Amino acid sequence: MHEKSGKASFGHIYDRQDPREYFKTLGSMDYRIPDHGQRLFGALVNRRQEAGEGPINVMDLCCSYGINAALLKYDVTLDDLYERYCSEELGTLSTDELAEGDAAYYAGRVREAAPRVTGLDVAENAVSYALKAGLLDAGATEDLENDQPSETLRRAASGTDIFTVSGGIGYISERTFDALLGCVDGGPVPWVAALALRWVSYEGISGVLDGYGLVTEKLEGHTFEQRSFADDAEREYVCRELRDMGVDTQGKEDDGSYHAEFYLSRPAEQVSESSVEELIAPALEGGGQD
Ligand SMILES: C[S@@+](CC[C@H](N)C(=O)[O-])C[C@H]1O[C@@H](n2cnc3c(N)ncnc32)[C@H](O)[C@@H]1O
């Protein structure tokens, strides 16, 4: 249901005991989307915290092993994580030993203005690892595509300032967003920030968010490389699909990688104060393709 046919499937690495295989497999395909997430989501977190809101609450959807949480809360880069989890030295450790080492590694790298991050994913082992390693402050393994949120998840969602998602749109649809936004009871409506592949329609999600008073802007003029295609067949399939959708693939997917777009949804009064381009400008200095 989730993966379009013709797209390589990575379901087998989403719920291992620890993240080593995830990084090894996706590293070989130059998976970069969490790197873009660090800059884009990080700029939003800084903006909210500078506005005097103190440490804010992020809920990362499809959080996997807590990768976006690691990049937002700790002074590490995606390349540091690849180096760490693909290293020979850590390759021989048991999962418990790795988690213990990770807890110490991250504890020594806490960012000064780290947000609190709750993760949501259906992958129980992945979320459990992220909690053990200290990457997530809280975690939930619920499938809001099919179920209603538990009371605990309701409370966490209602206190969220920003929902983030990278690599997950398509696995989750407007159903998950409807369930989460439906938990917000009278307080300020949280922002929703998403990196979504260019062939995935965001219309259903932005339509649901609109019902909660959120206006969605797409960052114009920039796309973000997600990962290399597994092979020529995947590239040809994706380029054909995109061209059928009227999307120009020249200089982007034609060159061998998936590209994602960035969407931000905020209450209308905040959108009229500053555009997504203005908010994100500091994050674009080192990446994103015109
Ligand atoms: C491509 S991974 C992205 C992981 C991470 N956000 C990143 O950028 O590297 C997709 C994730 O979506 C999760 N997922 C799939 N279906 C889901 C659902 N219904 N609700 C929440 N997470 C889901 C998978 O378990 C997996 O961890």
For PRO149, net neighbour charge (Lys/Arg +1, Asp/Glu -1) across residues whose Cβ lies under 13 Å away: -4
Three-way shape label, the stretch 5-115, alpha-carbon gyration tensor, a/c 1.5: oblate
At R0 = 25 Å, FRET efficiency that the Cβ-Cβ distance of ASP232 and GLU21 yields, to 0.05: 0.50
Where N is the number of residues in the stretch 12-279, Cα Rg divided by 2.2 N^0.38 Å: 0.99
Loop-located GluC sites (Glu not before Pro) in the stretch 195-284 whose Cβ has at most 14 other Cβ within 10 Å (DSSP): GLU220
Relative contact order [Cα under 8 Å, 6+ residues apart], the stretch 1-133, whole percent: 38
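Given axes a ≥ b ≥ c from the Cα gyration tensor, I'd like to know whether the stretch 73-146 is rounded (a/c under 1.5), prolate (a/b larger than b/c) or oblate.
oblate
Report the gain in length on full extension from ASP79 to GLU112: 0.36 nm times residue separation, minus Cα-Cα distance, nm rounded to one decimal.
9.8 nm
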Hydrodynamic radius (Kirkwood) for the stretch 30-89, which is based on Cα pairs only, to one decimal in Å: 12.5
Selected from ALA230, ALA196, ALA69 as most flexible by GNM, with the chain as the system and alpha-carbon contacts under 10 Å: ALA230
Cβ-derived FRET efficiency at R0 25 Å, ASP185 paired with ALA268, nearest 0.05: 0.80
Normalised convex hull volume, the stretch 202-290, alpha-carbon set, Å³ per residue: 106
Those lysines that a straight Cα-Cα span of less than 24 Å connects to LYS132, excepting residues fewer than 8 apart in one chain: LYS24, LYS73
Taking the stretch 12-279 and dividing mean pair separation by its residue count, relative contact order in percent (alpha carbons under 8 Å, at least six apart): 20
Estimated [θ] at 222 nm from DSSP helical runs (n ≥ 4, -39500 (n - 2.57)) normalised by residues in the chain, nearest 500: -11500 deg cm²/dmol
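Readers should treat all values here as calculations from the given coordinates under stated rules, not as data from a laboratory. All figures in this text were calculated on a predicted structure; none of them were measured in a lab. In this analysis, Cβ positions are derived from the backbone assuming ideal geometry, glycine residues included, and neighbour counts consider all displayed protein chains.
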